[in-house]
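A short reminder: the numbers here are calculations on the coordinates, not readings from a lab. Please read all numbers here as calculations on a predicted model, not as lab measurements. All Cβ positions, even for glycine, are placed from backbone atoms using ideal geometry, and neighbour counts span all protein chains on display.
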Amino acid sequence: GNFMQVFKFRGIDNCFIAELIKDDSTGVEYGTPIQLFPIGEVGKTTSSDSATDYADNKALIIINSEGADEISLTGFGISLENLALITGKKFDKTKGLFIDTQREVKYFALLYREKLTNGKYRYVSRLKGTFGIPDEGSATENDGTDSTGQSLSFTGIFTEHEFTNGGSAKGLIIDTQYEGANPGDFFTSVTTPDTAKAATTA
């Protein structure tokens, strides 16, 4: 397959996750979103399988299928509790103990907001995915408080559920540059293609 680096955004000021509890033909259900960690940058790569076809002696690229999205998040100071949650490990709060057990794969929605250069916002909801084990780097201690931060990878896939508005989906974006955009309570519950509402005009 081909891999295309689609975007790399800075200016992300919120990053939440919500556990995906149900995803089947009858619907999707999520837990309450919780803040993951302060985030600095998001990158996204999408894989696709393509073939070359010819019409009128001109080469055309035909996209046969779209694979998973690989989303990289760079931020600082993820709690051990959240780290255990997203990686399917165990955390004992009473002892402050992170236990690197055999992982239990869980699916999550990933929610974040990016600020555009014109001051408007784009709200992004990735509806289903799993987190990879993060890398953490520490620079040698110096007079400053340098930290190289943590990198998380999120593999976004299509939902099993077919939404009325759009079928199976990997995510959605609400862009407030458009008059009808209504992010509503974006970080208190997961917005799906079927629950998104248009802005009401007074």
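Sort 88-99, 184-195 by the packing proxy (mean of other Cβ within 10 Å over each peptide's residues), most packed first.
The densest-packed peptide leads the list: 184-195, 88-99.
Taking the simple approach of a point 7 Å from Cα along Cα-to-Cβ for both residue 100 and residue 165, what is their distance in nm?
Each label point lies 7 Å from its Cα, and together they span 4.4 nm.
With label points built 7 Å along Cα→Cβ from the Cα atoms of residue 182 and residue 21, find their separation and express it in nm.
It is 2.5 nm.
If the cut-off is 30 Å between C-alpha atoms, which lysines fall inside it for residue 120, apart from same-chain ones fewer than 8 positions away?
8, 44, 128, 170, 197
Calculated FRET efficiency, residue 116 and residue 199, Cβ-Cβ r, R0 22 Å, to nearest 0.05?
0.80
Size of the dipole of the range 156-197 about the Cα centre, Lys and Arg at +1 and Asp and Glu at -1 on the beta carbon, nothing else charged, in debye to 20?
Its charge dipole is roughly 60 debye.
Subtract the Cα-Cα distance of residue 47 and residue 79 from 0.36 nm times their separation in residues, and report this length gain in nm to one decimal.
8.4 nm
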